[in-house]
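One structure is given below, encoded as structure tokens.
Values quoted throughout were computed directly from the atomic coordinates according to the rules given, and no laboratory measurement underlies them. If you're wondering where the values come from, they're calculated on a predicted model, not measured in any experiment. Positions of Cβ are backbone-derived with ideal geometry, glycine not excepted, and every protein chain shown enters the neighbour counts.
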């Protein structure tokens, strides 16, 4: 069964460092997303990406965040200068149309 | 006003009972509605989605949608201990430019007791 894959599963970094989280969405999907979930809190929308551009981003997705789809398979989230409050589980997701959103297993980011 | 509202729970039901989970949403332009289940430390997994007013059944699960009241619910029949998880309501909006966005509620924690 096709799945969304994310790497790394866990990353520990120092405050102020850059972090790149990697995702390989399901191959025939057109819509790509990053969500984050701070421990014990809700799943929060960060950004959606369609037709090679950002279609919407939340207030959380400030200038420190960026996304790229450098080739036909990868979809990355970059945090330029991490803060303590960026510690969370980051989920990549993709979907073919308006139906099911498929989530990856998540990348846990710990900022020290 | 929160975009998607759920009672955080916990909702405790005995094994074999019906669990009823509720969700309201604020944007009348919302077009489709999803229920996800999330076990602690895991990613959300889809239970079912619904587009049209009324009921949609899938096994032990029934989703109910009332767009006039901006209300969607999930019923779980014959609840099992393995159903104990957090249930996330999500609402889909189609964006200008062709993209779309799924907005999640805070989730309701369900505990099914033996």
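Observations, loosely collected:
- Among the candidates A:97, A:40, residue that is on the phi > 0 side of the Ramachandran plot and in a loop (DSSP other than H, G, I, E, B): A:40
- Of all residues making up the stretch A:44-69, the number that are more than 9 Å from every other protein chain (Cβ to nearest Cβ) and out of contact with any strand residue (DSSP E or B) (no Cβ under 7 Å at 6 or more places or on another chain): 4
- Residue B:86 satisfies every condition listed in (1) more than 14 Å from chain A (Cβ to nearest Cβ); (2) under 15 Å from the mean Cα position of the chain (by Cα); (3) at negative phi except (1).
- Condition check for residue B:62: more than 10 Å from chain A (Cβ to nearest Cβ) and touching a residue at least 24 places away in the same chain (Cβ under 8 Å): no
- Some residue of the stretch B:17-33 being free of Cβ contacts under 8 Å to residues at least 12 places away in the same chain and either buried (at least 21 other Cβ atoms within 10 Å of the Cβ) or in contact with a strand residue (DSSP E or B) (Cβ under 6 Å, 6 or more places away or on another chain) (or both): no
- Filtered residue count, the stretch A:70-90, keeping only those that are touching a strand residue (DSSP E or B) at 6+ places or on another chain (Cβ under 9 Å) and either within 14 Å of another protein chain (Cβ to nearest Cβ) or assigned to a loop (DSSP other than H, G, I, E, B) (or both): 11
- Hey, residue A:109 crowded, with 22+ Cβ neighbours inside 10 Å, in contact with a strand residue (DSSP E or B) (Cβ under 9 Å, 6 or more places away or on another chain) and more than 9 Å from every other protein chain (Cβ to nearest Cβ) or not: no
- Filter pass, residue A:93 being more than 9 Å from chain B (Cβ to nearest Cβ) and in contact (Cβ under 8 Å) with a residue 12 or more places away in the chain: no
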